[in-house]
Each structure stands twice: as C-alpha cells, then as structure tokens.
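Q: This structure is in structure tokens; I'll ask about it shortly.
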Amino acid sequence: MRTIAIFVFTAVSAFLTFAAQDGKTDAKTKTKTPPKKTTKSSTTSKKTSTGKSTAKTTTKSTKQTASAKSYRRSTQQQPTSERYKEIQQALSDKGYFAGPVDGNWGPSSIDALKRFQHDQNLNEDGKLGSLSIIALGLGPKRTATP
C-alpha cells in the first residue's frame with residue numbers, strides 16, 4: 001500500500017509541477033517559456049515467492065509540440081512534350097522506338113518503353129519511372145555549382 005501511495009504522490013507532484021511551469025513568463029527576459037516534457041508513469045506489482053509484493057515503475061516521456069504540421073504529399077508532374085521527345089529519341093537511338101520523335105506519348109512509345117524495360121530487367125509496366133529514365137541515360141539534369 002505504501003508503494004501505491006508514493007506512486008500517486010509522485011504522479012500528482014509531477015502533474016502539478018508541469019502545470020505550474022507550463023506557459024510561465026520568465027521575469028528576467030519577459031519571454032514565455034516553452035512547455036516542458038511530460039512523463040507518463042505506470043506501476044506494475046507482482047508477488048515474489050516469499051509472499052512480498054514488489055513494485056516496478058516505468059516512465060515514458062513525450063515531447064509536446066507547439067502545433068502539429070500537416071504534410072501534403074507532392075505529386076509528380078507529367079513530363080513536358082520536350083521531355084517526351086528526349087525519351088523517344090533515346091529509345092530510338094537504342095533501337096526500341098521506330099515512330100516519329102514528336103513528343104506525343106502514345107501506344108507505340110509505351111510498347112517501346114516496355115521492351116526496353118524487359119531488356120534492362122526492370123519492371124515492365126510501361127511507366128516512366130526513375131530507374132527507366134536513368135537506364136536510358138536521361139537521369140536528373142544537374143548543373144555544376146561553383
């Protein structure tokens with residue numbers, strides 16, 4: 001019973017200390033202090049072979065954030081007509097695309113890409129993924145930085 005009373009006292013003291021410090025203004029700097037870390041405590045008790053009970057207290061701390069940021073997943077844009085021309089030209093240079101290099105991505109372009117992906121041991125989905133673009137030698141365009 002004494003262990004439980006100590007645990008309750010400790011938990012209440014921690015809560016009151018946190019509540020008292022949360023949002024206090026520092027007298028010297030006239031700034032508001034950020035909220036402190038909170039701790040959650042839990043107690044488990046079990047009886048030993050001698051009949052005495054022992055208590056084990058564990059704590060888990062969590063940080064409070066000022067505001068939860070919402071993350072929006074960015075979507076990849078469709079390639080421009082110029083980029084399609086580059087891809088078609090690369091497929092044509094490698095012998096996979098026989099149609100006109102006009103920047104229109106149609107069934108013949110997709111078929112050429114699928115055959116290229118097959119020969120490169122890539123997933124044959126006909127989609128312009130990063131691995132396919134890199135295998136074509138058209139990876140990200142980088143400029144030299146001084």
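Q: What is the magnitude of the charge dipole of region 81-135 about its Cα centre, with +1 placed on the Cβ of each Lys and Arg, -1 on the Cβ of each Asp and Glu, and no other charges, expressed in debye to the nearest 20? Could the numbers behind the result be given before it?
A: Details: 6 positive and 8 negative charges, 8 e Å.
For region 81-135, the charge dipole is close to 40 debye.
Q: Determine the sum of side-chain charges near Q120: Lys and Arg each +1, Asp and Glu each -1, restricted to other residues whose C-beta is under 12 angstrom from that of Q120.
A: That works out to +1.
Q: Another question, if that's okay. Which order do the peptides 115-123, 135-143 come out in when sorted by mean C-beta neighbours inside 10 angstrom, highest first?
A: Working: 115-123: 15.1, 135-143: 10.8.
So the order, starting with the most tightly packed, is 115-123, 135-143.
Q: First select every other residue whose beta carbon is under 10 angstrom from the beta carbon of L138; then total the charges, Lys and Arg +1, Asp and Glu -1. Walk me through the intermediate numbers first.
A: On the way: positive: R83, K141; negative: E86.
Computed value for this residue: +1.
Q: When a/c is below 1.5 the answer is rounded, else prolate if a/b is larger than b/c, else oblate, so apply that to region 81-135 with a ≥ b ≥ c taken from the square roots of the Cα gyration tensor eigenvalues.
A: Details: a/c = 1.64, a/b = 1.47, b/c = 1.12.
Judged from the Cα gyration tensor, region 81-135 comes out prolate (a/c at least 1.5, a/b above b/c).
Taken together, the values in this text are just the output of simple stated rules run on the coordinates, not laboratory data. What you are looking at is a predicted structure, and each value in this text was computed from that prediction instead of being measured. Positions of Cβ are backbone-derived with ideal geometry, glycine not excepted, and every protein chain shown enters the neighbour counts.
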